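Okay, so here's the structure we're looking at.
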Amino acid sequence: MTNNNKPATHRMKECSKYNEQVAAIADGNLAATMILYALTDDLSSDSRIYLYVLDDAGIYGQQVWRLYKDCCNANLNLFRLTIEHMLYDVLDKSKVKYYLKDSTPSIQLLDTDIYNKYLQKFQDESFVIMSEPYKVELNKSLNMRFSKLKAHLSEQPYKKSKLQPLPADTITIIDNENAETKINRITSGMDLAQIINVMSDGNVGVNMLLRSMIEEDTTSRNQLLFLDAAQIYGNNIWRLFSECSNGNLKLFKLAIEHISAGIFSTNQVLAFLENGIAIKVPLVDIEVYKHFKEKIPAKGTPAYKEYSALQNRSHTKRFAEYVSEHIANIDLKS
């Protein structure tokens, strides 16, 4: 639920930490949260500029999701490029916000044919965006396409798409940037049974899962230590297994390995686990994993950066596809 006391724009002004900034823009919307993490997954100050542009435009929560899904065809690169056009005022921010109103029909904001034509001419993305003739032609195309769409829809009653934005359920994101202030449950004096009990948090299924995990491979104890450090317990462990790993023990251990290696951030995963909605999307793309010879590349190498980008891109795409289908099914039942 959106807080009516929140400022209309510039919510990031009081946010210093990355996860707080994402939460301010996502406004409790799970889909928006995941897309924003994917958009800024390299955590650089350059990538965070996308959050500031959305904040300056007053685009939050469900409107972020609609901008990605309806105005960028659920394409992350097109989403990034659209925000860059807003940054350089090629697309007017207030106009973009108008297109994101619930009552406004969906339209792709960028005309990729025009963009590609200018890109071939200038051979540089920044030159295209800075070109005044490009700006004029792009906006002329947008106005014309939108007018045609409105005229078409006026001939018949406009029906909202079944693919509505995901409900804005409140998400609790653990502040792992201050993980040292958290009190871990596992202590040096505990035996294995005690460790499993504190990690399962009263969940019988998790208790049995962790026992099976240790029996299969005693080195899995290190993965329990990581789950403890990440503050993932009980029901969240079960969801990581059942929803993010297809109930497969091997995929579950692989998911933990990818989180601990930083391929997926803990905040990103917790956004899934704490939302209260069943999102059955495997975290790891096994085909990408196999392509890299079933090994996560060493951190800091070009291969690691490429692998991380491929896994996150795949996850974002599969997530968007699942959410659209999931919501469509809900509408059909209602």
Checklist entry - So which residues in region 94-106 are hydrophobic (A, V, I, L, M, F, W, C) and more than 13 Å from ASN139 (Cβ to Cβ)? => result LEU100
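Name the single residue, out of those in region 228-241 being at pLDDT below 90 and not aliphatic (A, V, I, L, M), that is nearest to MET190 (Cα to Cα).
Among those residues, the one meeting the criterion is ASP228.
Per-residue answers, yes or no, for (1) within 24 Å of VAL323 (Cβ to Cβ); (2) buried (at least 20 other Cβ atoms within 10 Å of the Cβ); (3) touching a Ser or Thr at 6+ places or on another chain (Cβ under 8 Å); (4) not assigned by TED's automatic domain parsing to the domain that holds ALA23:
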{"residue": "ASP55", "(1), (2), (3), (4)": "yes, yes, yes, no"}
{"residue": "GLN62", "(1), (2), (3), (4)": "yes, yes, no, no"}
{"residue": "TYR68", "(1), (2), (3), (4)": "yes, yes, no, no"}
{"residue": "CYS72", "(1), (2), (3), (4)": "yes, yes, yes, no"}
{"residue": "LEU81", "(1), (2), (3), (4)": "yes, no, no, no"}
{"residue": "GLU84", "(1), (2), (3), (4)": "no, no, no, no"}
{"residue": "TYR98", "(1), (2), (3), (4)": "no, no, yes, no"}
{"residue": "LYS101", "(1), (2), (3), (4)": "yes, no, no, no"}
{"residue": "LEU109", "(1), (2), (3), (4)": "yes, yes, yes, no"}
Item to check | Matching residues, region 244-293, being without any contact (Cβ under 8 Å) to a residue 24 or more places away in the chain, part of a loop (DSSP other than H, G, I, E, B) and on the phi < 0 side of the Ramachandran plot | outcome: ASN248, PHE292
Next on the checklist: So, SER94, is that one closer than 16 Å to MET144 by Cα and out of contact with any helix residue (DSSP H, G or I) (no Cβ under 7 Å at 6 or more places or on another chain) or not?
Outcome noted: no
Checklist entry - Taking region 163-218 as the search range and keeping residues that are at pLDDT 85 or above and of a type in the set (Ser, Thr, Tyr), which one is nearest to the chain's Cα centre (by Cα)? => result SER200
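The values are calculated or read from the model by the stated rules, or taken from the named source; none is laboratory data. Since the structure is predicted, the reported quantities are computational estimates derived from the model, not experimental observations. So basically every Cβ, Gly included, is an ideal-geometry build from the backbone, and we count neighbours across all protein chains shown.
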